[in-house]
Amino acid sequence: MALVGLVQPAALYGAARVERLLAAMTLDEKIALIHGATEAPSSYQGQAGYLPGVARLSVAPLRLADGPPGVLTREVSTALPATMALAASFSVKDAKANGVVIGRDARALGIDLVLEPFINIYRDPAFSRSYNTYGEDPLLSGQIGAALVRGIQSQKVMAQAKHYLAFDGAKDVQVGAQALHEIYAAPFADAVDAGVASVMCAYNRINGPFACGSDALLNGLLRQEMGFQGFVTSDWGATHAAEFINAGLDLEMPGELRVGPDREQLMISYFSGTDTTAVPSKSTDAMGFGPRGRIPEEDLEPHPTLGAGSGGGNSGGGDIEGAAQAAPMADLPVNLRAALQAGAVSELTITQAARRILLQMQRFGLLDRHRQRWPTTEPAEQDARVVLRTEEDGAVLLKNDAALPLKRQDLGSLLLIGPGALQTIAVARANEQALGRPERQIGAFTALRRLLRDDHAAHVSYAAGNDMAGRLAPAQVIDEGIGSHRQAIAAGIDFTLANGRALPARSAHRWSGSVSVPVDGVYEFNLQMLGGSGAIWLDERLLGRIAIPPQHGDVLQAGHDNVLPTPDGLDNLRRRVELGAGRHALQVTADGDDSGKPLQVRLNWATPAHKHADYAAAIEAAKSAHTVVVFAWSRNQPVMALPGDQDQLIADVAAANPNTIVVLNTGDPVAMPWLAQVRAVLQMWYTGDEGGWAAANLLLGRVSPAGRLPFTWPQRLQDTLAHDREHPERSSAGVDGKTIYSEGVFVGYRWFDQAGIDPLYPFGYGLSYTRFEYRSLQVTPAAHGGLTVAFTLSNLGPVRGDEVPQVYLGAPDRASHDGHDGEDEGAQFAARSLVAFDRVALDAGESRRVVLQIPLRRLQYWSEAMQRWQLADAARAIEVGASSRDIRLTASIPP
């Protein structure tokens with residue numbers, strides 16, 4: 001099994017050269033080629049992973065950078081719309097264009113492999129990375145992901161599909177063979193068909209073994225059944241034994257990654273040829289991250305309290321997303337050298353892993369050491385056009401009571417409320433995605449004013465409601481500097497480029513003093529920085545720390561600690577604390593990073609009076625405006641809710657002004673208790689760099705919204721299968737730590753149909769500024785064994801717009817079953833399953849004959865009894881419509 005798939009790539013990708021290299025390599029060089037290392041500081045680009053290559057044989061190193069979306073390094077790079085926004089476009093054309101941007105930017109940044117697409121299934125809305133997926137449907141996820149792969153790899157950059165397999169929130173998963181093939185593996189099969197260079201195996205266990213150590217999944221399903229020819233990489237820390245190489249794992253990441261002042265090893269490296277170093281404490285200070293708590297609006301815990309002029313408080317703690325490093329597996333050799341000596345691993349297997357990596361390097365022209373390794377200029381303007389188009393295409397109009405597009409009377413007195421109106425909420429979290437260019441991330445307020453500058457009757461105003469930037473804190477600082485230098489700074493700490501007082505690059509500073517609190521209450525302190533790291537203490541207790549991760553960029557970027565940077569482009573660490581009236585001891589530190597940029601530091605705050613005044617001003621302004629647009633946001637904390645007082649704000653604004661519209665920047669569904677009170681809701685996801693322009697174009701009707709929901713929007717969290725109280729085994733927490741996917745294939749809209757639950761909005765749903773008619777359905781056999789589906793689509797409305805026709809396959813008609821195919825006994829069939837889709841642009845009054853192909857595989861199910869793909873021996877329906885619950889045309893296909 002270890003040699004499966006050698007012949008074809010050898011013929012395709014110049015294996016002769018690879019075989020000569022392997023023959024010349026020592027065993028140590030082969031081992032060095034299959035696990036990561038730490039790049040030298042002189043060339044390190046702040047990327048997630050590094051493979052040093054073989055210098056003696058002129059085999060170039062590889063850099064692996066995180067997404068999705070975009071390319072995360074120490075250099076500022078394009079922020080693309082969220083993966084969920086791309087999925088909502090239902091456009092493979094947009095997906096390929098996004099892939100081209102990612103590949104183009106990767107090349108410019110000196111990156112060889114990008115860790116995307118993220119093609120896991122959206123199964124649990126509470127999963128912290130659910131917003132990173134392409135939704136709940138395997139066909140949509142697979143087709144969007146495959147197009148992204150083609151775009152990335154067209155730029156001679158490798159793509160890596162992740163996380164294989166069933167990485168959907170649970171740590172220890174049991175899933176049946178039919179659901180495994182039809183739901184969870186299906187997007188990876190599409191990526192393999194697209195020629196993806198690498199697949200990342202996941203952290204979780206699946207049907208017993210760890211995903212990265214499962215022979216059945218890697219050598220069996222992935223290589224033998226799907227025909228994968230690339231190399232398998234572990235997620236960072238997902239390797240738990242050297243013997244995982246026997247199961248089909250080729251490359252261990254991060255390998256021997258060392259960070260911190262004493263070069264501590266971050267994780268155990270099993271694929272190394274030397275004894276592993278003990279893993280340091282997982283505390284944030286030991287790893288150099290520092291505490292990273294939720295931002296104030298997301299904090300559900302009581303505020304830390306400091307008394308009137310007294311000590312006390314809390315550290316502002318937090319958590320770090322990443323691998324939970326498992327202990328080594330008992331009674332197994334720790335590293336490859338020991339495994340070889342014990343006979344648990346053969347050199348032939350090591351050679352095969354090295355071969356797979358080298359074959360893909362040869363395929364992409366990445367073997368030679370002389371190629372460009374240093375960052376060059378990214379084509380920012382070219383990228384921006386793709387970002388704008390994708391965000392416009394992915395925006396979903398959820399509700400519209402004749403409020404959108406905005407009309408002349410609306411523009412004469414239009415009020416925008418919320419921090420997402422002043423700046424665009426480009427990304428969800430500063431975890432593994434490019435954070436973008438703050439100078440481009442203007443909000444809809446600025447975009448609208450620029451677009452309407454020649455319209456003298458238009459008047460657009462803004463009210464924060466919740467001002468995240470704050471005001472300069474009146475800190476009385478009596479000590480400044482590292483040594484004995486003393487200086488009084490009564491005006492506060494404010495050293496920025498904006499005021500011409502930025503501090504020197506790589507400098508270090510300490511300020512000690514006090515802040516005077518006028519009244520008891522909850523205060524917000526905002527440490528705003530760029531060019532370094534820092535911390536703030538109150539009464540000798542750590543309130544919060546800006547810390548630069550030892551990987552994933554390693555220099556501070558502006559969107560690191562808050563949902564938004566400051567309006568002048570600084571990172572904005574925000575913490576709330578309950579203070580008693582009086583004077584409180586204050587200390588602020590700032591240490592420049594090695595980016596070479598000036599160190600900027602500012603300490604702002606927001607008092608209870610400030611917060612109350614901002615909220616009241618927004619409500620008062622709403623009363624006198626003709627129309628109000630409230631921009632609301634969520635990062636899935638709390639789950640399925642808007643953080644902070646946004647729900648109350650929307651309700652209060654709607655009570656003050658019946659012409660209220662809501663724009664959502666979320667990656668997951670949220671409860672909308674105010675839905676009946678507002679006239680329109682536009683879901684815009686996380687927008688990437690150009691979100692303000694996209695919002696303005698959509699609100700003005702310059703673009704008709706045509707995005708469609710890539711997941712089912714439930715009325716309640718408990719309506720979803722992972723939160724069904726009658727089936728705790730389905731939850732991500734599981735029962736006794738084990739999660740059983742007992743729902744089988746009934747995921748997403750399939751679950752809602754099977755359970756008879758009405759969602760708030762169904763999968764594939766989205767409104768438009770025009771309307772479409774479907775007619776004249778024709779379904780005929782195709783030469784490839786599948787079906788050809790043709791119908792006429794007409795735009796009956798007043799404006800040009802896109803429609804997203806969706807084709808679903810119905811369950812077998814048991815009444816037509818002839819009783820001779822016993823192999824499908826016990827097989828599951830959803831009431832309908834997506835088998836084709838398209839995005840069609842039509843002018844007002846235009847009609848077009850739409851023709852879609854359904855390949856044979858999409859008509860088949862996985863028979864557990866026969867262990868193969870099988871056609872059901874019964875009639876089935878072909879349904880065409882505008883969502884999973886808006887079926888316009890139906891035909892029956894015979895068994």
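The values are calculated or read from the model by the stated rules, or taken from the named source; none is laboratory data. Since this is a predicted model, take the numbers as computed values, not measurements. Virtual Cβ from ideal backbone geometry, glycine too; neighbours counted across all protein chains shown. Ligands, DNA and RNA are excluded from the accessible area calculation, which covers all protein heavy atoms including side chains. Shrake-Rupley method; radii C 1.70, N 1.55, O 1.52, S 1.80 Å.
A few notes on this one:
Condition check ((1) open to solvent by 10 Å² or more (accessible area, probe 1.4 Å); (2) under 20 Å from Thr566 (Cβ atoms); (3) part of a loop (DSSP other than H, G, I, E, B)) across all residues:
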site: Leu398; (1), (2), (3): no, no, no
site: Gly420; (1), (2), (3): no, yes, no
site: Ile425; (1), (2), (3): no, yes, yes
site: Ala428; (1), (2), (3): no, yes, yes
site: Glu439; (1), (2), (3): yes, yes, no
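- Hey, Asn98 buried (at least 24 other Cβ atoms within 10 Å of the Cβ), outside any loop (DSSP other than H, G, I, E, B) and at negative phi or not: yes
- The set of residues in region 849-875 being buried (at least 20 other Cβ atoms within 10 Å of the Cβ), part of a strand (DSSP E or B) and either hydrophobic (A, V, I, L, M, F, W, C) or on the phi > 0 side of the Ramachandran plot (or both) consists of Ile854, Trp862.
- Selected residue (only one of Leu27, Leu33 is modelled with pLDDT of 95 or more and either open to solvent by less than 30 Å² (accessible area, probe 1.4 Å) or among the hydroxyl-bearing types (Ser, Thr, Tyr) (or both)): Leu33
- Note on region 216-230: residues that are open to solvent by 30 Å² or more (accessible area, probe 1.4 Å) and aliphatic (A, V, I, L, M) amount to 2.
- A count restricted to region 148-169 and to residues that are open to solvent by less than 10 Å² (accessible area, probe 1.4 Å) and at pLDDT 95 or above stands at 14.
- Lone qualifier among Leu709, Leu642 - being at negative phi and in contact (Cβ under 8 Å) with a residue 40 or more places away in the chain: Leu709
- Residue match in region 171-179 (condition: assigned to a strand (DSSP E or B), open to solvent by less than 10 Å² (accessible area, probe 1.4 Å) and modelled with pLDDT of 95 or more): yes
- Residue match in region 675-695 (condition: among the hydroxyl-bearing types (Ser, Thr, Tyr), open to solvent by 10 Å² or more (accessible area, probe 1.4 Å), part of a loop (DSSP other than H, G, I, E, B) and touching a Ser or Thr at 6+ places or on another chain (Cβ under 6 Å)): no
- Region 603-645 - residue that is part of a loop (DSSP other than H, G, I, E, B) and of a type in the set (S, T, N, Q) and, of those, most open to solvent (accessible area, probe 1.4 Å): Gln637
- Checklist (1) surrounded by fewer than 18 Cβ atoms within 10 Å (Cβ to Cβ); (2) touching an Asp or Glu at 6+ places or on another chain (Cβ under 8 Å); (3) within 29 Å of Val396 (Cα to Cα) applied to Glu846, failing item: (2)
- Flag for Glu726 being open to solvent by 30 Å² or more (accessible area, probe 1.4 Å), out of contact with any strand residue (DSSP E or B) (no Cβ under 9 Å at 6 or more places or on another chain) and under 25 Å from Ser128 (Cβ atoms): yes
- Number of the condition not met by Pro549 [criteria: (1) open to solvent by 40 Å² or more (accessible area, probe 1.4 Å); (2) modelled with pLDDT under 95; (3) of a type outside the set (A, V, I, L, M, F, W, C)]: (1)
- Each residue in region 630-654 was checked for being at pLDDT 95 or above and among the polar types (S, T, N, Q), and 3 pass.
- Test result for Ser533, closer than 20 Å to Arg294 by Cα, part of a strand (DSSP E or B) and open to solvent by 20 Å² or more (accessible area, probe 1.4 Å): yes
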